[in-house]
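Okay, structure first, notes after.
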Amino acid sequence: MKIAAEGKRPRAVRHSEPAILFSVADQMFAISAQAVQEIRSTDGLVGEASEIHAPVLASVRHTLNHGRRNLYVVNACAHFGLPAARPALVLILRELRVAVLVDRIERMAGIPALHPLPKAFSGRERRWYRGLTYVDGQVIPVIDPQGFISAAEFEQLDRVNASPLAAQLESAVPS
Amino acid sequence: MIGAIRAVDAAPVKVDGRSFVIFQIDRRRFALPAHRIAELAPPVRLHAFPSTTPLVAGVIVRRGRIVPVCDAAPVLVERDNVPHRFYLVVRLAAGDASTGEDENLVAIPVSGECELASADTRAPEGRPAYVASSLSVHGEALDVLDLEKLMALSSRTERGALEEVQP
């Protein structure tokens, strides 16, 4: 006796969204191309990155001075609990004070559909991902850029780094 | 090879409230109400990605759906990495209108083919909270699992919560 599933399928949001597929510790992720302002090599960050002396988050140990913005650098390996790797690139996100260390860019791809994360997932991944997509026979989590650092964590980080940020804000205000 | 669910007895089993699908994880057998079973699926590719939900190993793709995989072996048989031959795809509670889901499926890796049996259940005594009832098939006492409870408990971090015993 074989019993086959029937009933409606979970509703996936059908659209083709340009995305960047990147890898961290051999795990592939997708992020909306619109969420990324710039991709740089970590080699080019010398002199622009500063160590946070009293880290609040295990995944955030540096800040990055990028133009008039001071960004928090998120190590994606630590953020996702993956084995440590040697990140070669940094994704500078648009509209968020976040830069993300990743191993490599795989390619650009159009996300054909965004499937909701199944309800069985009840942990921190509900904050990390906007959903799942299926590209070339592989299920890939689609990153929610706001999941890297929450509003409360930003506040905490800002408090710890108050002095340099205050100085930066002061210098940014036109006299 | 696609899995099959065969009847315990030669006589045909009518699927009703007394019908259960018996499945094996490692060397132990468990039961679930037959009406909750959607499919016995072949061991298709498991897509794993970072998550912090205990027991949820990743997802499989079946008939165009993304189905989460609940590897209950660490709780049910206290073993990790138990080899599996099939996925038993089970319907959980009603779907979620906000996501358009009208069916909430979960796949359980099982170690062999499954059986369909008809039997009366009785209240579990001294069994963990995720055991809904007990049934006896040819003299073998089997736990009927409450999968929702098992998965809800799995979201707690303490393993102790999984081993809470019913009075």
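The values are calculated or read from the model by the stated rules, or taken from the named source; none is laboratory data. Just so we're clear, the structure is a prediction, and the values are computed from it rather than from any experiment. Positions of Cβ are backbone-derived with ideal geometry, glycine not excepted, and every protein chain shown enters the neighbour counts.
Of all residues in region A:66-75, exactly one satisfies the criterion of being at pLDDT 95 or above and either among the polar types (S, T, N, Q) or in contact with an Asp or Glu (Cβ under 8 Å, 6 or more places away or on another chain) (or both), namely A:Asn75. Being crowded, with 16+ Cβ neighbours inside 10 Å, away from chain B (no Cβ under 14 Å) and of a type outside the set (A, V, I, L, M) holds for only one residue in A:Arg86, A:Arg104, A:Arg124, A:Arg97, and it is A:Arg97.
A search for C-beta distances below 6 Å between a residue of region B:139-155 that is within 13 Å of chain A (Cβ to nearest Cβ) and surrounded by 14 or more Cβ atoms within 10 Å (Cβ to Cβ) and any residue that is part of a helix (DSSP H, G or I) and modelled with pLDDT under 90, counting only pairs 6+ apart in sequence or on different chains, returns B:Leu153/B:Ala161; B:Leu153/B:Leu162.
From the list B:Val89, B:Val110, B:Val106, B:Val131, the lone residue that is touching a Gly at 6+ places or on another chain (Cβ under 9 Å), at pLDDT 90 or above and crowded, with 20+ Cβ neighbours inside 10 Å is B:Val110. Taking residues in region B:58-72 that are more than 7 Å from chain A (Cβ to nearest Cβ), and partners anywhere that are outside any strand (DSSP E or B) and of a type in the set (Phe, Trp, Tyr), the pairs with Cβ atoms closer than 8 Å and at least 6 places apart or on different chains are B:Gly58/B:Phe49. Evaluation of A:Met108 against the conditions (1) touching a strand residue (DSSP E or B) at 6+ places or on another chain (Cβ under 7 Å); (2) over 23 Å from A:Leu21 (Cα atoms) shows that the sole unmet condition is (2).
Per this entry, B:Ala93 is counted among residues that are among the hydrophobic types (A, V, I, L, M, F, W, C) and free of Cβ contacts under 8 Å to residues at least 60 places away in the same chain. Against the conditions (1) charged (D, E, K, R); (2) farther than 24 Å from B:Ala141 by Cβ; (3) touching a strand residue (DSSP E or B) at 6+ places or on another chain (Cβ under 7 Å); (4) at pLDDT below 90, B:Glu101 satisfies every one except (3). When every residue of region B:32-54 is checked against the conditions, at least one turns out to be in a strand (DSSP E or B), within 11 Å of the chain's Cα centre (by Cα) and of a type outside the set (A, V, I, L, M).
For region A:39-57, the criterion of being within 14 Å of chain B (Cβ to nearest Cβ) and assigned to a strand (DSSP E or B) is met by none of the residues.
With the structure loaded, tell me whether A:Ala113 is farther than 21 Å from A:Glu95 by Cα, free of Cβ contacts under 8 Å to residues at least 12 places away in the same chain, within 12 Å of chain B (Cβ to nearest Cβ) and among the hydrophobic types (A, V, I, L, M, F, W, C) or whether it fails that test. No. A Cβ distance below 8 Å, combined with a sequence gap of six or more or placement on separate chains, defines the contacts here; from region A:35-64, residues that are among the small types (Gly, Ala, Ser) reach residues that are in a helix (DSSP H, G or I) in the pairs A:Ala35/A:Pro145; A:Ser50/A:Pro164; A:Ala54/A:Val160; A:Ala58/A:Ala78; A:Ser59/A:Ala76; A:Ser59/A:Ala78; A:Ser59/A:His79. Filtered by the rule that a residue be within 24 Å of A:Gly81 (Cα to Cα) and either modelled with pLDDT under 95 or surrounded by fewer than 16 Cβ atoms within 10 Å (Cβ to Cβ) (or both), region B:41-51 gives B:Arg45, B:Ala48. Of the residues making up region A:42-65, those that are out of contact with any strand residue (DSSP E or B) (no Cβ under 7 Å at 6 or more places or on another chain) and either closer than 19 Å to A:Ala84 by Cα or hydrophobic (A, V, I, L, M, F, W, C) (or both) are A:Asp43, A:Val46, A:Ala54, A:Val56, A:Leu57, A:Ala58.
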